[in-house]
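Engineer: Would you mind keeping the following structure in view while I ask a few things?
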C-alpha cells in the first residue's frame with residue numbers, strides 16, 4: 001500500500017516537474033518509474049513504523065502522504081538534486097526517525113489505530129421536570 005499516489009504527487013509538486021523527472025527525454029512519460037518509487041518510499045516508511053504501529057495502518061495520517069511524496073520526489077531526481085528537495089527529504093527521514101524513537105507520533109494509538117484523544121463529550125441530565133408527581137400540584 002502506498003501512502004501517496006501519482007495524482008497526489010503531481011498535485012503536490014506540479015505535473016510538469018514530475019513528468020520531467022519520469023520522462024527526461026520527452027519520449028513518453030513512464031509512470032511505472034514513479035509508481036515503483038512511491039512503493040519504495042512507502043516500504044521505507046513502513047520500516048520505521050513497524051516497531052511502533054501494527055501494519056498496514058487502518059487509518060493513514062495525512063502527514064504520511066507528505067513524507068512519502070517528499071521521499072519519492074527526492075528518489076526521482078537521478079542527478080543534481082535541488083537543495084530544497086534534499087532538505088525536505090532529510091526532514092522526512094528525521095520525522096520518521098523521531099516516530100521510530102517515540103519522540104513524535106502519528107496521532108494514532110498502537111492498539112486501535114484511531115486518533116489519540118482524551119477529549120470526550122459527556123451529557124448529564126438535570127432530571128425529569130415533567131414527571132407525573134411534579135404535575136399533580138398544578139391541576
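The values are calculated or read from the model by the stated rules, or taken from the named source; none is laboratory data. Here the structure is a predicted model, which is why all the values come from computation and not from measurement. Ideal geometry is used to build each Cβ from the backbone, glycine not excepted, and the neighbour counts take in all protein chains shown.
Engineer: Find all pairs meeting these conditions: Cβ atoms under 6 angstrom apart; at least six residues apart or on different chains; first residue within segment 56-85 and closer than 16 Å to residue 6 by Cβ; second residue at pLDDT below 95 and surrounded by 18 or more Cβ atoms within 10 Å (Cβ to Cβ).
Structural biologist: Taking only residues 6 or more apart or on different chains, the pairs are 76/21.
Engineer: Given (1) at pLDDT below 95; (2) loosely packed, with under 14 Cβ neighbours inside 10 Å, identify the lone condition not met by residue 61.
Structural biologist: Of (1) at pLDDT below 95; (2) loosely packed, with under 14 Cβ neighbours inside 10 Å, only one is false for residue 61: (2).
Engineer: Within segment 25-55, restricting attention to residues that are touching a residue at least 12 places away in the same chain (Cβ under 8 Å) and over 19 Å from the mean Cα position of the chain (by Cα), which residue is nearest to residue 72 (Cα to Cα)?
Structural biologist: Initial filter on segment 25-55 (touching a residue at least 12 places away in the same chain (Cβ under 8 Å)): 31, 33-35, 37-42, 44-45, 48-49, 51-54.
From the residues that got through so far, the ones that are over 19 Å from the mean Cα position of the chain (by Cα) too are 31, 33.
Working: 31: 13, 33: 10 Å.
Of everything passing the filter in segment 25-55, 33 is nearest to residue 72 (Cα to Cα).
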